[in-house]
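Report on the following structure.
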Amino acid sequence: MGLLLYGSPSIEISFDDRALQHLQIVITAKLRRRESFVFSWNDSADIGSGRSSIWLDPSSTLYYRYYGSRVPAINREWVDILMESANSGSGLFFLPEPGTAGQQPSNSRPRI
């Protein structure tokens, strides 16, 4: 399980390490091009469901914390799907890996 920490003070958003690696690729690509966008995800049922969003821009403070030591294999199809979402008018929406049972963040409650 990994964490995406956003802002200062940090908001912690938990994602599976594999999902976080794919999100990092997409977010980094957008920010490297100096593109701002909204990032949204569905909250897990154990914290009451719902949806959360943050605004990302090149000045955003981001920290990716992985709990596993191995870099997961990259699923190019998943990266492409996430990038297509990020380039849309509604911004990046976390979508589960194609062919999985719809993983969502396990504990995506923002903690300040």
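The 3J(HN,Hα) values that the Karplus relation (6.51, -1.76, 1.60; θ = phi - 60°) gives for region 77-90 are, in residue order, 4, 5, 4, 4, 5, 5, 5, 4, 5, 4, 7, 7, x, 8 Hz. Gly and Pro appear as x.
Over all projection directions, the Cα-based convex hull of the chain averages an area of 6.8 nm². In this rough spin-label picture, where each label sits 7 Å from Cα along the Cβ direction, the V71-R32 distance is 1.2 nm.
Each of I74, I13, I54, I47 was scored by other Cβ atoms within 10 Å of its Cβ. Arranged with the fewest first, they read I74, I47, I54, I13.
All of the numbers you see were taken from the coordinates with simple rules; none came from a lab. Since this is a predicted model, take the numbers as computed values, not measurements. Heads up, the Cβs are rebuilt from the backbone with ideal geometry, glycines too, and the neighbour counts pull from every protein chain shown.
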